[in-house]
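To start, the structure under review is shown below, and the notes come after it.
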Amino acid sequence: MSFCRITGTGGYLPGAPVSNHDLVARGIETSDEWIADRTGIRFRHFAAEHEHSSDLALNASRKALEMAGREASEVDLIIVATSTPDQVFPSTACLLQHKLGNRAATAFDVQAVCSGFVYALTIAEKFIRSGSHKCALVVGAEVFSRILDWNDRGTCVLFGDGAGAVVLEASSEPGILSSALHADGHYHDILSVPGQVCNGSVAGKPLLQMDGQAVFKFAVRVLGDTAVELMQAAELPMTALDWLVPHQANIRILQSTAKRLDMSMDKVITTVAEHGNTSAASVPLALDIAVRDGRIKRGQNVMLEGVGGGFTWGGVLLRF
Ligand code: ACO
């Protein structure tokens, strides 16, 4: 069995940053102070009408492939994590494959909402370690602006659009040290988009709804528990962790998680102020930013963590 490691990262945010003040100017009954105090969010990006998840994914994927020094034709596995696919089918992964000009890779989507990227990365790792595939493109891409209820100020101010990607390749040295994926459908209704396509129209409410306080408590608990689980599985003390790259939902969730783990916020990569919550894209986007600005370096221990609708949660501990 071979190991695997990340050889390239990429990110893409559409359009210009939209500030909290811009949301007020668009008629949402909120304020910069309320959003920044409760969530840490100051900006988010929104895709143009003609841009879909596969377009954002394409931009992020090109950057990740460039960093890895790989051509799209060398990729033999494409997994896209998204809850906002371009179409009901084909999968966004197949649409991305087409846009990349690749005609040979295995391609499919993963739907685990804000945990989607860590689910997709863990699946890709298992394909590569089995020896069946050698070069995977793993992407988180979302246009959450399309599923927001703009009359619900408690949720519409939290989210943005974007994509992040990594290239994961077979390696003789371990890159991924441990991983864990969890779900508990008992909590299906604290964060959901309960609509569906039915007989040519939409049945149910196709907009995001959330019990914010229940989500907050759940996220802090499982992000903390998963971090301990991943370090124990790799037989490493928490002090051996160089960087935590958690799902970017809310700065207070990240601060509470760090406190629970007795970890300095200096070790936590945060992009929520500039990006808002980009669901499956948030972890690879944050990873890409910290790799490109030089904070995350080769050989460091990095933990990626996701939590989101389902409820789903999990993480990947890797030696970068
Ligand atoms: N602007 C101004 N006022 C607002 C806004 C807003 N955007 N939204 C809600 N309010 C008001 C409410 O109407 C309410 O007013 P009232 O007291 O007069 O009734 C007051 O603020 C408090 O509302 P709550 O909903 O109780 O606010 P809360 O303190 O719970 O904060 C928040 C809401 C920020 C969403 C919080 O629950 C939270 O951080 N939850 C975590 C959820 C999260 O981050 N989800 C992301 C998706 S899940 C994931 O990615 C894991």
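The values are calculated or read from the model by the stated rules, or taken from the named source; none is laboratory data. Please read all numbers here as calculations on a predicted model, not as lab measurements. Using ideal geometry, Cβ is built from the backbone for each residue, glycine included, and neighbour counts are taken over all protein chains shown.
Of the listed requirements (1) more than 10 Å from the ligand (Cβ to nearest atom); (2) in contact with a helix residue (DSSP H, G or I) (Cβ under 9 Å, 6 or more places away or on another chain), D266 misses just one: (2). For the range 107-138, residues that are touching a Pro at 6+ places or on another chain (Cβ under 7 Å) and under 17 Å from D288 (Cβ atoms) total 1.
Picking from residues in the range 5-51 that are in a loop (DSSP other than H, G, I, E, B), among the hydrophobic types (A, V, I, L, M, F, W, C) and surrounded by fewer than 19 Cβ atoms within 10 Å (Cβ to Cβ), the one that is farthest from the ligand (Cβ to nearest atom) is A48. Restricting the range 297-320 to residues that are among the aromatic types (F, W, Y) and within 11 Å of the ligand (Cβ to nearest atom), the residue that is nearest to the chain's Cα centre (by Cα) is W313.
Condition check ((1) surrounded by 14 or more Cβ atoms within 10 Å (Cβ to Cβ); (2) free of Cβ contacts under 8 Å to residues at least 12 places away in the same chain; (3) closer than 17 Å to G40 by Cβ) across all residues:
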residue: V193; (1), (2), (3): yes, no, no
residue: T239; (1), (2), (3): no, yes, no
residue: W243; (1), (2), (3): yes, no, no
residue: P246; (1), (2), (3): yes, no, yes
residue: D266; (1), (2), (3): no, yes, yes
residue: A280; (1), (2), (3): yes, no, no
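Apart from one condition, G276 fits all of (1) buried (at least 19 other Cβ atoms within 10 Å of the Cβ); (2) more than 10 Å from the ligand (Cβ to nearest atom); the exception is (2). Could you go through the range 90-106 and let me know if any residue there is buried (at least 19 other Cβ atoms within 10 Å of the Cβ), closer than 29 Å to S179 by Cβ and either assigned by TED's automatic domain parsing to the domain that holds H188 or within 16 Å of the ligand (Cβ to nearest atom) (or both). No, every residue in the range 90-106 fails to be buried (at least 19 other Cβ atoms within 10 Å of the Cβ), closer than 29 Å to S179 by Cβ and either assigned by TED's automatic domain parsing to the domain that holds H188 or within 16 Å of the ligand (Cβ to nearest atom) (or both). One residue is enough: does the range 144-156 have a residue meeting the conditions under 17 Å from L287 (Cα atoms), within 16 Å of the ligand (Cβ to nearest atom) and surrounded by 18 or more Cβ atoms within 10 Å (Cβ to Cβ)? Checked against the condition, which is being under 17 Å from L287 (Cα atoms), within 16 Å of the ligand (Cβ to nearest atom) and surrounded by 18 or more Cβ atoms within 10 Å (Cβ to Cβ), the range 144-156 yields no hits at all.
Please count how many residues of the range 161-191 are touching a helix residue (DSSP H, G or I) at 6+ places or on another chain (Cβ under 9 Å), farther than 22 Å from L230 by Cα and not assigned by TED's automatic domain parsing to the domain that holds A48. The total comes to 3.
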